[in-house]
Amino acid sequence: MSKSLYLAPIALALALTGCGGAAETEGGATSGEAIETVAAPEGQKWSTTVVQTEAGGYVMGNPDAPIKLVEYMSITCGVCATFGEEAFTSIRDDYVESGRVSFEIRNFVRDPLDLTAAILSRCSGEGPYFALTKQALSNQGPMFEKAQGMGEATYNGILQSEPNERFVKLAEELDLISYFQQLGISSDQARACLSEEATAEKLMADTQAAVQDFDVQGTPTFLINGQKIEGTSWNMVETKLKEAGAR
């Protein structure tokens with residue numbers, strides 16, 4: 001049986017619930033000396049240097065940055081959307097561009113809606129990933145409205161369809177194919193990505209690895225240099241970055 005079927009019993013309501021990682025408490029990264037900036041190669045910017053990682057995420061910035069920030073996020077997580085709105089520009093412009101910090105997003109898929117959107121955010125490869133993920137997060141409201149209008153019977157019927165069809169059908173119901181088409185992904189390209197079972201399998205395997213390796217229990221969850229930190233707000237994360245030397 002395809003591992004994709006493991007998602008079938010998840011109720012539609014799960015995609016519409018809240019989310020959140022650890023509480024806003026002290027702890028995590030240790031304080032360190034201020035780190036010097038690292039210039040990007042001539043003619044390049046660290047913010048446009050994006051590669052996929054062995055952990056299945058996408059990292060922006062200096063690959064040898066001394067401070068490595070990782071966010072485990074879910075596209076159906078409202079707290080993640082809020083964090084992105086508050087933090088993304090500052091992370092990119094104030095930290096990644098300095099060469100001192102790299103920023104990696106790892107999808108932590110919570111439900112079939114999340115998985116469908118995550119597949120589409122990866123459909124154009126490394127370069128557009130961050131922009132597409134940001135746009136997907138901003139589309140939560142319309143996506144949830146479509147999901148609620150779908151009804152449990154239609155939703156469960158889609159999840160019982162063939163593995164190479166279910167995410168295409170779900171994306172159609174959620175208007176995600178047309179939404180991502182406006183962002184530069186053609187309908188044919190989107191359908192091809194959604195039909196690729198290996199992508200869904202890998203995203204779910206990476207999510208299980210996050211639980212096993214870093215005890216990720218909610219989103220967003222952050223790591224700095226491989227150590228999980230407490231807190232889900234940009235204020236808390238930025239404090240930890242500064243403590244690690246990004247100041």
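The values are calculated or read from the model by the stated rules, or taken from the named source; none is laboratory data. Keep in mind it's a predicted model, so treat the numbers as computed, not measured. No Cβ is skipped: glycine too gets one built from the backbone with ideal geometry, and neighbour counts run over all protein chains shown. We work out accessible area using only protein heavy atoms, side chains counted, and drop any ligands, DNA or RNA first. Shrake-Rupley method; radii C 1.70, N 1.55, O 1.52, S 1.80 Å.
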Within segment 3-13, can one find any residue that is part of a helix (DSSP H, G or I) and at pLDDT 50 or above? no
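Can you find, within segment 215-247, the residue that is farthest from PHE180 (Cα to Cα) among those that are assigned to a helix (DSSP H, G or I) and in contact (Cβ under 8 Å) with a residue 24 or more places away in the chain? Full working, then the answer.
Our first condition is that a residue be assigned to a helix (DSSP H, G or I); within segment 215-247, this holds for 234-243.
Now drop any that are not in contact (Cβ under 8 Å) with a residue 24 or more places away in the chain, which leaves 234, 236-238, 240-241, 243.
Numbers: TRP234: 27, MET236: 32, VAL237: 30, GLU238: 31, LYS240: 34, LEU241: 33, GLU243: 38 Å.
Among residues in segment 215-247 that are assigned to a helix (DSSP H, G or I) and in contact (Cβ under 8 Å) with a residue 24 or more places away in the chain, the one farthest from PHE180 (Cα to Cα) is GLU243.
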Expected single match for under 21 Å from PRO112 (Cβ atoms), modelled with pLDDT under 95 and surrounded by 21 or more Cβ atoms within 10 Å (Cβ to Cβ) among ALA246, ALA147, ALA171 is ALA147
Just to be sure, is GLU54 open to solvent by 20 Å² or more (accessible area, probe 1.4 Å), of a type in the set (D, E, K, R) and over 25 Å from GLN217 (Cβ atoms)?
no
Of the residues in segment 110-144, those that are open to solvent by less than 10 Å² (accessible area, probe 1.4 Å) and farther than 20 Å from SER47 by Cα number 11
Subset of segment 72-109, residues touching a residue at least 40 places away in the same chain (Cβ under 8 Å), crowded, with 22+ Cβ neighbours inside 10 Å and either touching a Cys at 6+ places or on another chain (Cβ under 8 Å) or in a helix (DSSP H, G or I) (or both), comes to MET73, SER74, THR76, CYS77, CYS80, ALA81, PHE83, GLY84, TYR95, VAL96
Residue pairs qualifying under the 9 Å Cβ cut-off, at least six apart or on distinct chains, with the first in segment 149-170 being free of Cβ contacts under 8 Å to residues at least 24 places away in the same chain and of a type in the set (Ser, Thr, Tyr) and the second being part of a helix (DSSP H, G or I) and open to solvent by 60 Å² or more (accessible area, probe 1.4 Å), are THR154/GLU173; SER161/LYS169
ALA65 meets each of (1) assigned to a loop (DSSP other than H, G, I, E, B); (2) more than 30 Å from GLU33 (Cβ to Cβ); (3) open to solvent by less than 30 Å² (accessible area, probe 1.4 Å) with one exception, condition (2)
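Please go through segment 194-216 and pick out each residue that is over 19 Å from PHE108 (Cβ atoms) and open to solvent by less than 40 Å² (accessible area, probe 1.4 Å).
Keep residues of segment 194-216 that are over 19 Å from PHE108 (Cβ atoms), which gives 194-197.
Within segment 194-216, just LEU194 meets the criteria.
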Checked segment 85-113 for anything in contact with a strand residue (DSSP E or B) (Cβ under 8 Å, 6 or more places away or on another chain) and of a type outside the set (A, V, I, L, M, F, W, C); matches are ARG92, TYR95, ARG100, SER102, GLU104, ARG106, ASN107
